Each structure stands twice: as structure tokens, then as C-alpha cells.
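The values are calculated or read from the model by the stated rules, or taken from the named source; none is laboratory data. In this text, all values refer to a predicted model and were calculated from it rather than measured experimentally. Note: ideal-geometry Cβ built from the backbone for every residue, glycine included; neighbour counts use all protein chains shown.
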Amino acid sequence: MPTTTAVETRLITLPRVAESNPRARHWLAGLLADWHTPEDAAFIAELLLSEVFTNAVCHPAIAGGHTTVTAALWDSRLRIAVWDPDPEFRPHPPDDEHGRGLPIVQELAGAYGSTKASTGKIVWFELGIKEED
């Protein structure tokens, strides 16, 4: 079975504050344009990044620090991963005004998940990228 390696990988580390969310989206938008990603896939990737990044900076038990976003493109797959230093996941009750982000990710991403890291956690999602005609 052939192995797949990332042909393009980039990352950005930003302060762990809500004001960094637009910077993360802008960074991803520029990167996806450089990678000639179709507009519909780029739009979804930016939306899902915003949801995951918001969770990383707005619902932490550990305040401050930084968050790292990694983007990888290989074959026809795009993976976005967001690392933050808070190792815990905090579910929201169904009637809470917050907590809609991960269901959006679940609905729109081809795959998604989370991993506890030696420090913190990583939440990631993948999208299939179709070539434009």
C-alpha cells in the first residue's frame, strides 16, 4: 500500500485571544488561494477553522498563551488542526447559547476528531478538495 505524505504544510501561532480568530481566517484564506483551492472548499475550511479556533480561545480553563493552526494539503485532502494548551473538552448543555461549533464541523467536514497532546489538545478536520475544471 503506498504511503501518503503531506506535499504542503504550513502553520501559524497566534495569541490565544478572540481577536486572533480573524487573523487565523485571513492566514488560511491566503494560504488556500496560494494552493489554488476551489472557492467552495476554501469557504468551508475558513468557516470550520473559525468554529474550532473559537473553541480553543473562548472556552478555556487555562487562559492566555498561544494557539497553533496547522494546514496540510496532500493528494485531494486538506487537514486543518488547531492546538491549544487546555487538555479538557467542555460539552455544552443542549439549551446553552454556545456549543454549536463542533456540530457544524461534524456536518461539513469529511472527517474530524481530537487528540490529547503531551501538553493540551489538537482538534482537527479534513475536507476533500475537488479539482476545478
*List every residue pair whose Cβ atoms lie under 6 Å apart, where the two residues are 6 or more positions apart in sequence or sit on different chains, the first residue falls within the stretch 56-84 and is more than 19 Å from residue 8 (Cβ to Cβ) and modelled with pLDDT under 90, and the second residue, located anywhere, is charged (D, E, K, R) and surrounded by fewer than 20 Cβ atoms within 10 Å (Cβ to Cβ).*
59/90; 61/88
_Extreme residue, nearest to the chain's Cα centre (by Cα), among residues of the stretch 7-47 that are loosely packed, with under 14 Cβ neighbours inside 10 Å and among the aliphatic types (A, V, I, L, M)_ = 11
*asked:* Quick check on residue 20: is it closer than 20 Å to residue 103 by Cβ and in contact with a helix residue (DSSP H, G or I) (Cβ under 8 Å, 6 or more places away or on another chain)?
replied: no
*Pairs, first surrounded by 12 or more Cβ atoms within 10 Å (Cβ to Cβ) and among the hydroxyl-bearing types (Ser, Thr, Tyr) in the stretch 103-114, second part of a helix (DSSP H, G or I) and modelled with pLDDT of 90 or more, C-beta under 9 Å, six or more apart*: 112/48; 112/52
